[in-house]
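Report on one structure; see the data block that follows.
The values are calculated or read from the model by the stated rules, or taken from the named source; none is laboratory data. All values derive from a computational prediction rather than experimental measurement. Backbone-built Cβ (ideal geometry, glycine too); neighbour counts: all protein chains shown. To get the accessible areas, we keep the full protein, side chains included, count just its heavy atoms, and leave off ligands, DNA and RNA. Shrake-Rupley method; radii C 1.70, N 1.55, O 1.52, S 1.80 Å.
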Amino acid sequence: MAGLDGLRAIAVVLVVAYHLAPARLPGGYVGVDVFFVLSGFLITTILLRERADRGRISLRRFWVHRARRLLPALVAVVAVCVAVVAAAAGIVRLSGGAVEGSLWGDLLVGVGSQVAAAATFTSNWAAVLLGRSYAAASSPHLFENLWSLAVEEQFYVLWPLAVMGLAAAGLAMRRAAWAAATLAAASALAMALLLPDGDPTRVYLGTDTHAFGLMIGAALAFWWARDDARQAPAAQPARAVTLGVVGLVALAAIAAFLPWDSPWTYRGGLVLASLATAAVIHLVVALPALGQRLDSRALRWVGDRSYGIYLWHWPVLVIVVTALDGGRVRDASGLAVILTVAATVAAAAASYRWIEMPVRRMGLRRSARVVAGWLRPPGERVRPRRAAAVGGSAAAVLALAATGLVLAPERTSLEVRLEEGATLAARLDEAPPRPAATPVATPAAIPAPGTPASSVLGTGETPLPARAPPPGALPERAPETPSGADVTVIGDSVALGSAPALAEALPGIAVDAEVGRQFAAGVDRVEQLARKGRLRDYVVVALGTNGAVPEEEMDRLLAAVEGRPVVLVTPYGDRSWMAGSQRAVRDAARSHRNTVVADWQRAVERDPDVLGSDGIHPDDDGAAVFARLVTRALRGAAALA
């Protein structure tokens, strides 16, 4: 069908662009939904055509064709990428470093289960049902993109049975279309109703909650297969053009503006993108001449290789940014983007030419015989150079991949840091606070009335004196840093991972931090400590990473500290609520005289290398920076006491 290769190309470009530059194309992930609608339409059309031509649907023929299409390239991607990471981890070990806790070791954590899920086409359910810890999920997942392939494979297994059942029941194509549309509506409703308040991974990855695109495509295929489809009235092309243009505009708007973590994405956004895709497909099918224009040479080339491009681009990106950018996938450098695109296109082109197309045309056995004939032409001996090159390369890849599976660490570097932080935080929190000690603060260091406390931003700068000292007065001393025994830290995983650095900078500090803690839960903890008399003279609040900072919760926090000096740490991360959380912290500092800002956001923006591979949590050096910011902000808070 003319135009569908062009649509495949557009879909894969959207996905790749989103992964390479998510801030520039926040809704590019809808390229996956374009693929889903295309698959639903094409697979249903193939099944209906086979039944019309042969009188029956051969499940064996269908599944063999799908296996030839998908498995060879998938095996190549998994084997090569695991081998590359294992080789890099081996270099780390040979150089005297530890694989566990290294960036390359992080990529091997759980790789065995990833490979098993890829082999059984259950990557989506493995992520949902088995789950990964918060810390493990924060590290780049080498085969994270295979979830959508798993959804499609499950569709390939089950949907032919459903089509055969509909055909056996004698259901008319129009009614079959409505049946598929009903299934789509049920799936979309399940996504909207099951969407949790926090992480949307369950509804995004689940086959049941993300099957509506496949079903919308299937409904469109049934609609076009009805007897009167080709005898549509003259107004049909005009209607198709209207729907197609509206769909194209809607799809472009969603790709440009709808972030992945917005609730609206799951309460209508993805469904709208799927309906828009169906409208565009309807247009190119109704107007084949337009489809032929869409299948330009460049788009057709990309569309033919879209499967390989989709398979290769993500693990290649993860490997490249691990080598160049400290593993920060969502903040890839320009060089990393260029290398990723070049390597992806080269690998996909090679896979298409030498793996995918031969197996699709000839099958696995005949393809193997062709390779054997190339190594040993008829009437000649085996050509040793060719045999050594092919056999040696295959053996090296398989050996390295097997080594990576066997020697994979059990914990990521972030998991190690958070476990150390949790142990230390528990020990620090158990120690009783010493009697309250008033920090040294001189009048010269107290901001003048009306001066916003946010002028002290944790930069180490002391506010200017409110007024000049009287003639003959001795020079005033700058405020001293409070003792760690006078400080309570309430935080989330960012503070938890920084607990060792905080304890080193401020001995005796109490760190009360939890992974995934929301701002409201942190305020609850402040109130509990205050009631028990365990809230110390200075309170550091490092929250906002995991969700919004509501104004009423900020007010509740500042009431709970009962006038104590408070250090508010600005959160940082690539999340839709982050700008609002950062603004809430700064607004509170401007409007409350007992607050000081420790500007973690600005520190990260000045030097992104302080973050680990997830782009949110500090690495060891970043934790030291975090502790210095808090220490300096506490010095400013001492001036307010």
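Things to note:
- In region 84-108, of all residues being part of a helix (DSSP H, G or I) and over 24 Å from the mean Cα position of the chain (by Cα), the one that is modelled with the highest pLDDT corresponds to ALA87.
- Of everything in region 482-498 that is outside any loop (DSSP other than H, G, I, E, B) and of a type outside the set (A, V, I, L, M), the residue that is modelled with the lowest pLDDT is GLY484.
- Test result for THR322, open to solvent by less than 40 Å² (accessible area, probe 1.4 Å), within 20 Å of LEU103 (Cα to Cα), modelled with pLDDT of 90 or more and of a type in the set (Ser, Thr, Tyr): yes
- Some residue of region 185-204 being more than 25 Å from the chain's Cα centre (by Cα) and farther than 15 Å from ALA279 by Cα: yes
- Considering residues of region 79-114 that are β-branched (Val, Ile, Thr) and open to solvent by less than 40 Å² (accessible area, probe 1.4 Å) only, the residue farthest from GLY404 (Cα to Cα): VAL92
- Selection within region 1-17 - touching a residue at least 60 places away in the same chain (Cβ under 8 Å), over 14 Å from ALA298 (Cβ atoms) and surrounded by fewer than 21 Cβ atoms within 10 Å (Cβ to Cβ): MET1, ALA2, LEU4
Here's the yes/no breakdown for (1) of a type outside the set (Lys, Arg); (2) touching an Asp or Glu at 6+ places or on another chain (Cβ under 8 Å); (3) open to solvent by 40 Å² or more (accessible area, probe 1.4 Å); (4) at pLDDT below 90:
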position	(1), (2), (3), (4)
LEU275	yes, no, yes, no
HIS282	yes, no, no, no
LEU290	yes, no, yes, yes
ARG293	no, no, yes, yes
ALA298	yes, no, yes, no
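- Residue within region 370-391 that is modelled with pLDDT of 70 or more, of a type in the set (Val, Ile, Thr) and over 22 Å from ALA89 (Cα atoms) present: yes
- Tally, over region 137-157, of residues that are open to solvent by 10 Å² or more (accessible area, probe 1.4 Å) and at pLDDT below 90: 4
- Restricting region 260-271 to residues that are open to solvent by 20 Å² or more (accessible area, probe 1.4 Å) and outside any helix (DSSP H, G or I), the residue that is modelled with the highest pLDDT: TRP260
- Residue check, ALA394 surrounded by 12 or more Cβ atoms within 10 Å (Cβ to Cβ) and modelled with pLDDT of 70 or more: no
- The residues of region 355-369 that are among the aliphatic types (A, V, I, L, M) and free of Cβ contacts under 8 Å to residues at least 40 places away in the same chain, listed by number, are MET357, MET362, ALA368.
- Some residue of region 249-259 being modelled with pLDDT under 85, surrounded by fewer than 19 Cβ atoms within 10 Å (Cβ to Cβ) and touching a helix residue (DSSP H, G or I) at 6+ places or on another chain (Cβ under 9 Å): no
- The set of residues from region 47-78 being surrounded by fewer than 18 Cβ atoms within 10 Å (Cβ to Cβ) and within 26 Å of the chain's Cα centre (by Cα) comprises LEU71, VAL75.
- Within region 2-31, if we keep just the residues that are outside any helix (DSSP H, G or I) and at negative phi, the residue that is nearest to the chain's Cα centre (by Cα) turns out to be PRO22.
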